[in-house]
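Since the structure comes first, as structure tokens, the remarks are kept for the end.
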């Protein structure tokens, strides 16, 4: 450095800054006056266990699914042939989906409790215990989720929302579930991949790629399109779901009212 | 703490990752730059070792951004340099022209293949009918920039404006110089090659001025542009899903975003080069202060517009072949400039409309010059210019022609004044950011000189504090999401 003295000051500023941000990242979460100080996460990124390759993930997932399936198969089969108590949670897309699922429930002697949280995202549900609270309240035997439409364009979603998606799934516990993916109106930044990665095999319905007639907002499917959407989900469940509900005959009425519907207002 | 994990994760950072090009605002770049500085400082007096080191770093930088396409960069430089040396030995003008022709055809050919092959083929199949299966072509990062540098070098050598470099390594240094490699400014051979020969050391003041420019660039790019883009993306991804007022905000937002994004990155490039003792020319000079389109293009992406002027407009005849030809040349130059931005008709349209605007301004200049240049006239001129520029950015940004028209139509037919207070209360950070840009853009130039001088001579701890605060702000805003307003429909 003796031949480049003009650089010493700058170099030290950069070095000390780097050291500071690495040290801070080892101590997160840090809060000052109630404000969370976000860190570079360098420490976590450097010390985390190497991520398994996609093949390893697929293999582990397969194995996990097979083991779980084997254990629960008999039990679930027995249970899934009985009338179900369904809890359906999610964002405003439930406006269209829940009435159709309610109609299936009515036709087949199931009960449906729906919880719409307007403008909600995986973050909103994932950072609260709302799902767990509703499970304790309604004691469902099956959980439906439809989330993701409000986070189609969030950048770096795989890193930002992973823990929330995991948290939502962990709140479900051992209950059979189905996560209905958002009805994309533009390519997303990875929410569908993220849910698919975290959900158990046969518990994620990919809505992306389906045709939807939209309402004037350009995002929500029309009433008829939402009915067709729910019908596709039910048909898919019979063939591909890890937990197909036995009695899901197509209802005579296009829509019905849920046993109970709860509405949460937007968080902001 | 498992050291093998650290090593594994670090090596993951250091290899090419398709979705993570090395940007100046990324942590990995600053980690590597921290290693780069002491070695560069130690080698600065040994010119050849310094050149070799910077070339190696630049190629690695390019590898991190574009994988093995760095070999293409090496190939291009080898061909250009060989042809430029050949020109020096050739006596015949025709033979020299052949060298220039070969180099340009090779450069443009490679660019066309990677950037325009699918576009041309798609248009061709549209004309003749039939199915089009796009080729799986990955566009090497920065190819448009270094292709223009390569053309300027070979043409300047032919015109004897610059002497060809004695060694290939010097030319590769020029072509691959990492601060300007992936997003400009487009470096001109006649400006840059003498700096390599002189190998001037940066003064302490230049080092800190460079650092100041980097900080400014980070604020513009990584804080402001990246934050406001989230809202703008929502508007452009769902053109009819918002009110006209929200769409208008999206258009204004994108106008500011593209400026902060691009000029911020240019500032960082210029700053890094300055720290190394190299001067890159200014790329943006308060373009949104312009009161006509001609002025706008003198101040927007200056390295590109001056390149287009010198290597397209003037060779086409410039303004030397009569009024009509001047307009046509202007139009064609802007058309090519538009296509340079991307292989899509929307860019062609954007360039063409700017070409038309420039021609109209030229045509009316004699009349406009007679109007007294008082402030109301200046204000109206500015308003007309910024409106044209902003509306044309809509075509530049939107995914399709239909989306562009939908957004513009929405502004005029579904404005909804009642959304203004709601917008201001919910999107207040966005509004603050936009206000900061507008205020910063309106400040007198000399204020920037005063502030930068203050920074350069400020105590070490002040520089450190400013840098840390800026990086922390980047982190704070990086994870801030702007959710769509779907619930507004209910």
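The values are calculated or read from the model by the stated rules, or taken from the named source; none is laboratory data. What you see is a predicted model; the values in this text were computed from it and never measured. Cβ atoms come from the backbone with ideal geometry, glycine included; neighbour counts cover every protein chain shown.
Working only within segment A:21-35, note down all residues that are more than 9 Å from chain B (Cβ to nearest Cβ) and not in a helix (DSSP H, G or I).
Hits for segment A:21-35 are A:26, A:27, A:28, A:29, A:30, A:31, A:32, A:33, A:34.
Counting only residues that are assigned to a loop (DSSP other than H, G, I, E, B) and surrounded by fewer than 11 Cβ atoms within 10 Å (Cβ to Cβ), which one in segment A:48-71 is farthest from the other protein chains (Cβ to nearest Cβ)?
Within segment A:48-71, the subset assigned to a loop (DSSP other than H, G, I, E, B) is A:48-53.
Still in the list and also surrounded by fewer than 11 Cβ atoms within 10 Å (Cβ to Cβ): A:49, A:53.
Values: A:49: 6, A:53: 12 Å.
So, considering only residues that are assigned to a loop (DSSP other than H, G, I, E, B) and surrounded by fewer than 11 Cβ atoms within 10 Å (Cβ to Cβ), the one farthest from the other protein chains (Cβ to nearest Cβ) is A:53.
Going by what's in this entry, would residue B:277 be described as on the phi > 0 side of the Ramachandran plot and in a loop (DSSP other than H, G, I, E, B)?
Numbers: on the phi > 0 side of the Ramachandran plot: yes; in a loop (DSSP other than H, G, I, E, B): yes.
Considered against the rule, which asks whether it is on the phi > 0 side of the Ramachandran plot and in a loop (DSSP other than H, G, I, E, B), residue B:277 comes out as yes.
So the check is Cβ under 7 Å with 6+ separation or different chains; which pairs have a first residue in segment B:222-244 that's more than 9 Å from chain A (Cβ to nearest Cβ) and a second one that's modelled with pLDDT of 90 or more and assigned to a loop (DSSP other than H, G, I, E, B)?
Pairs found: B:236/B:398.
Only one of (1) in contact with a helix residue (DSSP H, G or I) (Cβ under 7 Å, 6 or more places away or on another chain); (2) exposed (fewer than 12 other Cβ atoms within 10 Å of the Cβ) fails for residue A:21. Which number is that?
(2)
Among the candidates B:215, B:137, which residue alone is assigned to a loop (DSSP other than H, G, I, E, B) and either over 30 Å from residue B:475 (Cα atoms) or in contact with a helix residue (DSSP H, G or I) (Cβ under 7 Å, 6 or more places away or on another chain) (or both)? Let's see the steps before the verdict.
Numbers: B:215 fails: assigned to a loop (DSSP other than H, G, I, E, B).
Every option except B:137 fails the conditions.
Just checking: which of the helices (runs of 4 or more DSSP H) contained wholly in segment B:371-490 hold 2 or more residues that are within 30 Å of residue B:294 (Cβ to Cβ)?
Numbers: elements: B:375-397, B:401-413, B:419-426, B:428-442, B:445-457, B:460-478.
Fully inside segment B:371-490 and qualifying: B:375-397, B:401-413, B:428-442, B:445-457.
So which residues in segment B:1-54 are closer than 19 Å to residue A:156 by Cα and part of a helix (DSSP H, G or I)?
In the first step, residues of segment B:1-54 are kept if they are closer than 19 Å to residue A:156 by Cα; the result is B:9, B:12-13, B:16-29.
Scanning segment B:1-54 gives B:9, B:12, B:13, B:27, B:28, B:29.
Among what's in segment A:218-256 and is at pLDDT 90 or above, in a loop (DSSP other than H, G, I, E, B) and under 16 Å from residue A:92 (Cα atoms), pick the residue that is farthest from the other protein chains (Cβ to nearest Cβ).
My answer is A:222.
Please specify each residue of segment B:33-57 satisfying the condition of being under 25 Å from the mean Cα position of the chain (by Cα), away from every other protein chain (no Cβ under 11 Å) and free of Cβ contacts under 8 Å to residues at least 24 places away in the same chain.
Correct list: B:56 only.
Among the listed residues B:319, B:283, identify the single one that is touching a residue at least 60 places away in the same chain (Cβ under 8 Å) and not in a helix (DSSP H, G or I).
That would be B:283, the only listed residue that is touching a residue at least 60 places away in the same chain (Cβ under 8 Å) and not in a helix (DSSP H, G or I).
Conditions (1) free of Cβ contacts under 8 Å to residues at least 12 places away in the same chain; (2) over 23 Å from the mean Cα position of the chain (by Cα); (3) part of a helix (DSSP H, G or I), marked per residue:
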| position | (1), (2), (3) |
| --- | --- |
| B:72 | no, no, yes |
| B:102 | no, yes, yes |
| B:109 | yes, no, yes |
| B:116 | no, no, yes |
